[in-house]
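Heads up, the thing below is written out as structure tokens.
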Amino acid sequence: MAHFVSEPPPGRGRVDPGTATMPQTTPRSAWNFWAGEGQNAGLERYGAVLARVLLSQIFLMSGVSKLLGWSGMLGYTSANFHRFLGWYGADGLAAALDPMLPVLLGVAAATEIIFGLSVFLGFRARLGALVLFLFLIPTTLVFHSFWTHPEAQHQEQMINFMKNLAIMGGLLLMVIFGPGFCSLDALKWKRDGQHD
């Protein structure tokens, strides 16, 4: 059964991720928990794992698909660079970037796979989430800036644009709160704490 607990008293702070245990505080009602008070051991321990899986899978799949469909992705990337930069009157810059696209695409695939695994496993997860957050800024602008697409694609690209913003919100939450108790980071913190 779910166990709801109140917030720790002032000065004690929240749960130490290194201990991977919940504080012994007075049980509170489920209503108070859903109203924003207290903590839930099961959600904090296992819910974070599900969140990391859901958050990382899109990066892992995208990175692998770039490698498997290399030539098609090169053409797709080139078309989007030319559309985005051309809308701002920078066609010359787009043409100058064409020879660099294989390198940029390789860096993008490596970023998604390496730091997607970081979030998935909860290993250096704050750093992984921060890198992916920053990675999504130019990616969202180049590929999903709906105002630079033909009018018939505005709604579809606006949805993609907003989805990326939502993913960035999830990544930012991980940067702030960490990967949770069931992660390689928490395991390391716990092991290091036992050796202090």
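Ordering 82, 149 from the fewest to the most neighbouring beta carbons within 10 Å gives 82, 149.
With Rh defined as the Kirkwood radius, the inverse of the mean 1/r over Cα pairs, the Rg/Rh of the range 136-188 is 1.23.
So how strong a dipole does the range 4-194 carry about its Cα centre when Lys and Arg Cβ are +1 and Asp and Glu Cβ are -1, to the nearest 20 debye? Spell out each step's value before the answer.
Details: 13 positive and 11 negative charges, 127 e Å.
Approximately 620 debye in magnitude.
For the range 49-69 and the range 122-139, write down the distance between their C-alpha centroids in whole Å. Value for the Cα centre distance between the two parts: 13 Å. When both the range 152-196 and the range 76-119 are represented by their alpha-carbon centers, they are found 24 Å apart.
Residues 189, 31, arranged from fewest to most other Cβ atoms within 10 angstrom of their Cβ, appear as 31, 189. Across the range 4-194, the mean sequence separation of Cα contacts (distance under 8 Å, 6 or more residues apart), normalised by length, yields a relative contact order of 29 percent. Each listed q (0.09, 0.10 Å⁻¹) maps to a log10 I(q)/I(0) for the range 4-194 from the Debye sum over equal C-alpha point scatterers, namely -0.46, -0.54.
Only the coordinates and a few stated rules stand behind these numbers; no lab work does. In this text the structure is predicted, and so the values were computed from the model without any measurement. Every residue, glycine among them, receives a Cβ derived from its backbone with ideal geometry; neighbour counts consider all protein chains shown.
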